[in-house]
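Beneath this line is the structure, given in structure tokens, with notes to follow.
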Amino acid sequence: MTLNNRASLTLSAALPFVFFLPLAEARAEETSNKSRKWDLTLGVGALSLPEYPGSDDNKTEVLPLINARYNRFFIGGAPGSGLPGGLGAYLYEDKNWTLAAAVALGIDEPRKESDDSRLQGLGDIDATTRAGLSGSYRTNWWMVSASVMSDVEGNKQGTMVNVDARVNYRPFDRLMISAGPGLTWGNDEYMQTFFGVNAEQAANSNFAAYEAGNGISNLRFSIHAQYQLTPHWNIGANITAAQLQSDAADSPIVQDKNQTMYGAFLTYRF
């Protein structure tokens, strides 16, 4: 079960950071959860992220967090996808492996013309719903996760693949620190929507036409820290630094290929 937030979808379309530290991963060594049918976590997070993918300005948002699980079914974060609002189920789960199917509901628009005067004529990128699979392999001190999520609303946002690795370190019992690299690959449709300029957009804006093809859209490195205040309360902080790659980095829409996201959260686990 992962904790994600509404704003992560804004960035996830082009920079899908797995932003909030997955609580179940932080407790991978716990076995008591296997006997729990229900698992519910609520909280609040403060987040600073780019105004839109490729922007050189950041915005700050305060957002609610929610994750609920009943046996194999979950509402909240789509495991390993970096997308919030997920509805799905674990198809397989043991001590080391997980495989889940999820539908991640579109909540926020990844980019709006009103985000920056430079964007006039490009049109908005609408929120969309994605569906796909995610999986992970973990041990007590490291984890690798991957997901494939595709636009199922026909909003021309294509398919993206996320791969992340992390190493976990526990200096003492209540503190978990996690860090590692990740990348996102997008197909032609995904890359063109977020970084390309078609003929109609070129005619309506100050940009020349630009075709963005499939490839790695970003490389990133994330650091997460989580401290258990009590058996129920947790606080944490995160930073993710990413750099746009290939056709995404060369896009005329992009003002800064270096994209950074910071945040902090407070959660209560029932």
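Considering each of T128, T98 in turn, give the residue that is of a type outside the set (G, A, S), farther than 22 Å from A165 by Cα, under 22 Å from the mean Cα position of the chain (by Cα) and surrounded by 18 or more Cβ atoms within 10 Å (Cβ to Cβ).
Answer to the check: T128.
Hey, can you tell me all the residues within the range 135-163 that are open to solvent by less than 40 Å² (accessible area, probe 1.4 Å), under 18 Å from H224 (Cβ atoms) and not aliphatic (A, V, I, L, M)?
S136, R138, T139, S145, S147, N162
Listed residues F195, F172, F221; which is open to solvent by 30 Å² or more (accessible area, probe 1.4 Å) and in contact with a Ser or Thr (Cβ under 9 Å, 6 or more places away or on another chain)?
After applying the criteria, what remains is F221.
Can you work out which of the residues in the range 21-74 that are at pLDDT 85 or above and charged (D, E, K, R) is most open to solvent (accessible area, probe 1.4 Å)?
Looking at residues that are at pLDDT 85 or above and charged (D, E, K, R), I get R72.
Look through the range 250-270, keep the residues that are under 20 Å from G213 (Cα atoms) and buried (at least 17 other Cβ atoms within 10 Å of the Cβ), and return whichever of them is farthest from the chain's Cα centre (by Cα).
P252
Does the range 136-151 include one or more residues that are of a type in the set (K, R) and closer than 17 Å to A100 by Cα?
The answer is yes, given that some residue of the range 136-151 is of a type in the set (K, R) and closer than 17 Å to A100 by Cα.
Only one residue in G236, G186, G182, G213 is open to solvent by less than 60 Å² (accessible area, probe 1.4 Å) and touching a helix residue (DSSP H, G or I) at 6+ places or on another chain (Cβ under 7 Å). Which one?
Of G236, G186, G182, G213, the one residue that is open to solvent by less than 60 Å² (accessible area, probe 1.4 Å) and touching a helix residue (DSSP H, G or I) at 6+ places or on another chain (Cβ under 7 Å) is G213.
Return yes when E109 is in contact (Cβ under 8 Å) with a residue 40 or more places away in the chain and either under 17 Å from Q192 (Cα atoms) or touching a His at 6+ places or on another chain (Cβ under 6 Å) (or both) and no when it is not.
yes
The values are calculated or read from the model by the stated rules, or taken from the named source; none is laboratory data. Just so you know, these numbers come straight off a predicted model, no measurement behind them. Every residue, glycine among them, receives a Cβ derived from its backbone with ideal geometry; neighbour counts consider all protein chains shown. Calculation scope for accessible area: heavy atoms of the full protein, side chains included, ligands and nucleic acids excluded. Shrake-Rupley method; radii C 1.70, N 1.55, O 1.52, S 1.80 Å.
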